[in-house]
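Quick notes on the structure that follows.
The values are calculated or read from the model by the stated rules, or taken from the named source; none is laboratory data. Note that the coordinates shown come from a computational prediction; the quantities given were computed from them, not determined experimentally. Neighbour counts run over all protein chains shown; Cβ positions are idealised from the backbone, glycine included. Heavy atoms of the whole protein, side chains included, go into the accessibility calculation; ligands, DNA and RNA do not. Shrake-Rupley method; radii C 1.70, N 1.55, O 1.52, S 1.80 Å.
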Amino acid sequence: PLIVMVTANDDISSKLLGFSVGADDYLIKPIDPQELFTRVTILMGAREAHAREIKQRRRDAIHEIVTTICHELNSPLTAALGYLELVINEPELAPQHRADLGDCRVALDRMIEIIERLRTVDDRVVPYVGETRMIDLSEGEGGAGS
């Protein structure tokens, strides 16, 4: 909330007390309505600018964290997929093992897909959906901004 104290107390100790308990401005009576309107307008504009700055800082921090996590996860996943392909292509591998490793490849591919989708989300504030608490990064319903 915006707090503007309007009072007849013109002494410095009253002003300091008002500011110390959270007043955003302190006006002495009688007040000019135009001055009150101007001061409130300026204070509200400053608050809105501060709120936008805080929101942008949070988004920038989230972006940096997500970028770092994506990079740190992508390198070992790529290596795991490469080694997995070598093993799957081994001629003497039992068919059941080949099928199991194929399932592993699908899971690793899914993880890489999620990482790529995280990298491309503009507004990283996305809702959790479903019982598994998976983040929905799809373009359609349930995506960012819904």
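Look at the dipole of the stretch 10-118 built from charges on Cβ: of Leu43, Gln56, Pro33, the Cα furthest out on the positive end belongs to Pro33. In units of the compact-protein estimate 2.2 N^0.38 Å, the stretch 44-88 shows a Cα radius of gyration of 2.08. Label-to-label distance for Ala8 and Glu116 is 7.4 nm, based on points extended 7 Å past Cα in the beta-carbon direction. Accessible surface computed residue by residue for the stretch 50-127, with neighbouring protein chains in place and a 1.4 Å probe, gives 74 Å² per residue.
Does the stretch 1-48 classify as rounded, prolate or oblate by the C-alpha gyration tensor (a ≥ b ≥ c root eigenvalues; a/c under 1.5 gives rounded; else a/b over b/c gives prolate, otherwise oblate)? Cα axes put the stretch 1-48 in the oblate bin. Expressed as a whole percent, the accessible area of the stretch 25-76 that falls on carbon and sulfur atoms is 62 (1.4 Å probe).
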